[in-house]
Amino acid sequence: MTKRARRALQKKQAAAAAEEAERIRLQLIKDIQEEIHLERSKVEQEILLEESQTAMRKIQLEETCFVTHENKKAFADHVFATEEEENWIMYLTCDNLPHVGKMSEMNTFIFLWSLEDEDLNMELLLLQLDEIIKFSLMRPADYIEECKMIERDMLRVDLKNATYVKITKQLICCIWALIKLPISIKEIPEKERNSIEVHFEEINLTVKIPPDIDCYCMAIRGLWLEYDHYSDIGTSYVMPEIPEEYQMKMDLVTFCSEENETKERIRAEQVEGRRLRMEEKKAMLWKLENPAPVVPIKLDRRGRKAGNQYGRLKRSEPEQEVEPLPYLPTPNEIILSKEEESRKELRKLLFTKCEKTEVNLRKYKILGGIYHIDLVYQPPQPKDMRRDIFLSTLEIPKELKHVPFYKPYKAPPPIPPTERTPEVIENEMKALETAMEALVLVTLKLPDTVLWFEPPLVAHWISERNIWSTQDIHDIKFNEDKQQITFRTGRFGIHGLAAYKLINLPFQSWELKPEMGRNSGGGVTLNITAATVQAEFIVRDDSVCLNSLVGGTSSALQNIIGQYMKLNNLINKMRKGGCDLFPEQDAASYIKGLSVKHPVAQKHLQECIGLLCTAYTFSWSRWNIKRPSREIVLQFKEVHGCVAKERTNITLLVTPLQTIAVQCTEVSPEFSNVPIDGDSAKFYADLYHLALHNAGIKSHLLIKDISYKLALTVANLLQSTNVISMSS
């Protein structure tokens, strides 16, 4: 290529580059001009739209809250009237039992009962007292708190052994004693002694005492108590207190009003920041519209300047660039960021930290009652002085004296692999066996009143620290066929079986729908598919029943199938039976992968579902767990009407600010928040108003005539199971 051709090519390339640079400059100018224009109009439009939606939201939410408030008021009146009627019936019954709501009568009765030997109906009294403590709305808090703080002949088995058994519904007491005989007993060497093994058939408990204890002048007691008197004073029993700034107990109307005020405050604070960023964009636009002048330079004959640098134009010295301002987040972004930080902090606050051997009662629950396994000294026995005269030595204080026993177990030190010969391994096994034989061996059949989904933890109550602990519990073996657990313990005392109460979480799916068919009682059914069981609840007025339970390993809880009762009673019975489908607020702190939803929006949605439960079905959506906390996704479908029956399930997107029926199904490749009606979609502040404006005639009548008892009980059941946040 000749020099002239090369110069021509260079000129052509330079011209093309200059043309491209000019095109890019003009495009940047156009983009910045549009951005400035859109930013001004967008802010104005957003403010106008928010003002319009805020006004409509306030009207609609106040209407919904008025309906729910009236229902709650009527329900509270109903509860108080029912309790007053029960008190009146109790007064007229005259069953020789005190009024469980009056402390003075209870104290007097217990004192008189201790002086008399009468078989009164204590079981009924304890049941009434338990209901007062847990569910009464009429008793003052100090009375309920005060309520919480509230020997016979033995059967001779043979010459040396005697037993005693006392059985009631609340406790079973079994005692085995080695009878002290007035003869000399040959002392047996410790190596030749046989371990004493006692089986208490009434509580399915076997205790094997170490060989070094001969139980002379002692007794072994196995005491089973139905009620756990210890867990509620445990250090990890109560959920950690939540600071006031994390408590969201307001209704949705108040929340939206406060959030709107927060947005206005943030906008006011950002006025100067937005002005500076607008000036920055204008300055950038001016620079693009007024580029720096280009100064031509002279070249030599070869097209070069000094220093062998090619070029034809020279730009003026560039101005010092100013560092651009940082991004200014919108009010919505600031609010969402703070909510996310609060949600993470709340998760940490709700997590209860425990020591390695401590049983965390937020994750575990002592089930099947508690077991006192004690070795006590025999008190002085009465001596027959003839002529119906017996002489007894009275020891003060009049209480059981426990035999001191504590044997900590330490595993033998590990032997290096190079030295593990058969003889060494055999000696190691013998040392391990000897160390284990020094502990108490306990064999216990799991109570059949509880659903055991996995082997429970065996725990010991440490009264000095008020904790259940697995310390000093060793060599645990579980026989699944016999439902029997065997362990060795280094101490006597109080033992319990701790089951993992979150085993059924997260839920796999759920569905709530009206009862259908000729035999329906006008109620609502809630089906829950949990991790290990499937349960169906039926709600009728203010009563709930567990209609079916599939997946249990025993017949536990089958005695309450089909029995209608108050929701609180049902929750209590199912938890005692080992099937806890009612997670508390801190459950999400122990389970990974859950999308915990906005508490205020979720509660309002649950109340709306309660108002609509006789006309619509609601069910789980796979998109719910994938959406952020402010977005709740579920399916719903109108039940009544020819047109409604032909429709498929509609996907709902519920946020604290509005409810939308979106163009998305369970088989869609990705989630879409585009409304079904597109840009012409009407604004609905909540599900209740969306349903009212789109329901058929029959559905309208059902929504209007729904019982306040049914609506509130359904809402309470949804809140207790928390299927919206606790489903995967």
Any hit, the range 588-598, residues being open to solvent by 60 Å² or more (accessible area, probe 1.4 Å) and not in a loop (DSSP other than H, G, I, E, B): no
Residue within the range 337-350 that is farther than 30 Å from PHE453 by Cα, among the polar types (S, T, N, Q) and more than 39 Å from the chain's Cα centre (by Cα) present: no
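Provide a single number: the residues in the range 472-494 that are in a loop (DSSP other than H, G, I, E, B) and within 24 Å of LEU400 (Cβ to Cβ).
Of the residues in the range 472-494, 3 are in a loop (DSSP other than H, G, I, E, B) and within 24 Å of LEU400 (Cβ to Cβ).
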Leading residue by the ranking (surrounded by the fewest Cβ atoms within 10 Å (Cβ to Cβ)) among those in the range 687-714 that are under 24 Å from PRO628 (Cβ atoms) and either touching a Lys or Arg at 6+ places or on another chain (Cβ under 7 Å) or of a type outside the set (Phe, Trp, Tyr) (or both): HIS689
Residue within the range 572-585 that is in a loop (DSSP other than H, G, I, E, B), open to solvent by 10 Å² or more (accessible area, probe 1.4 Å), in contact with a strand residue (DSSP E or B) (Cβ under 6 Å, 6 or more places away or on another chain) and closer than 17 Å to SER548 by Cα present: yes
Per-region count, the range 45-72, residues open to solvent by less than 40 Å² (accessible area, probe 1.4 Å) and among the aliphatic types (A, V, I, L, M): 1
Check on LEU702, of a type in the set (A, V, I, L, M) and within 30 Å of ASP580 (Cα to Cα): no
Hits in the range 643-664 - residues which are of a type in the set (A, V, I, L, M, F, W, C) and within 30 Å of GLU339 (Cβ to Cβ): ILE650, LEU652, LEU653, VAL654, LEU657, ILE660, ALA661, VAL662, CYS664
Condition broken by ALA601, with the remaining ones in (1) more than 30 Å from LEU225 (Cβ to Cβ); (2) touching a Pro at 6+ places or on another chain (Cβ under 8 Å); (3) surrounded by fewer than 22 Cβ atoms within 10 Å (Cβ to Cβ) satisfied: (3)
Residue within the range 667-686 that is among the hydrophobic types (A, V, I, L, M, F, W, C), open to solvent by less than 70 Å² (accessible area, probe 1.4 Å) and within 18 Å of GLU607 (Cβ to Cβ) present: yes
Qualifying residue in the range 5-15 (condition: out of contact with any Cys (no Cβ under 7 Å at 6 or more places or on another chain) and closer than 30 Å to LEU657 by Cβ): no
Filter result (within 18 Å of SER629 (Cα to Cα) and small (Gly, Ala, Ser)) within the range 549-607: ALA587, ALA588, SER589, GLY593, SER595, ALA601
Those helices (runs of 4 or more DSSP H) lying entirely in the range 624-721 with at least 1 residues within 30 Å of LYS73 (Cβ to Cβ): 687-694, 697-705, 708-721
Conditions (1) over 25 Å from LEU367 (Cβ atoms); (2) at pLDDT 95 or above; (3) open to solvent by 50 Å² or more (accessible area, probe 1.4 Å): number failed by ARG518: (2)
Residue among ASP677, ASP686 that is in contact with a strand residue (DSSP E or B) (Cβ under 7 Å, 6 or more places away or on another chain) and among the charged types (D, E, K, R): ASP686
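Just a yes or no: is a residue in the range 421-431 surrounded by fewer than 17 Cβ atoms within 10 Å (Cβ to Cβ) and within 17 Å of ASP212 (Cα to Cα)?
yes
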Filter result for LEU497 (assigned to a loop (DSSP other than H, G, I, E, B) and at negative phi): no
Residue in the range 663-675 that is among the charged types (D, E, K, R) and either more than 18 Å from LEU512 (Cβ to Cβ) or touching a helix residue (DSSP H, G or I) at 6+ places or on another chain (Cβ under 9 Å) (or both) present: yes
Some residue of the range 246-255 being more than 35 Å from the chain's Cα centre (by Cα) and either open to solvent by 70 Å² or more (accessible area, probe 1.4 Å) or within 30 Å of SER52 (Cα to Cα) (or both): no
Pair list, Cβ under 8 Å, 6 or more apart: the range 527-543 residue assigned to a strand (DSSP E or B), other residue open to solvent by less than 10 Å² (accessible area, probe 1.4 Å) and small (Gly, Ala, Ser): ASN527/ALA535; ILE528/ALA535; ILE538/GLY523; VAL539/GLY523; ARG540/GLY523
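The values are calculated or read from the model by the stated rules, or taken from the named source; none is laboratory data. On a predicted model such as this, the values are computed, not experimentally measured, just so you know. When we count neighbours, we look across all protein chains shown, and the Cβ atoms used for this are built from the backbone with ideal geometry, even at glycine. Surface areas here come from the heavy atoms of the whole protein model, side chains and all, with no ligands, DNA or RNA. Shrake-Rupley method; radii C 1.70, N 1.55, O 1.52, S 1.80 Å.
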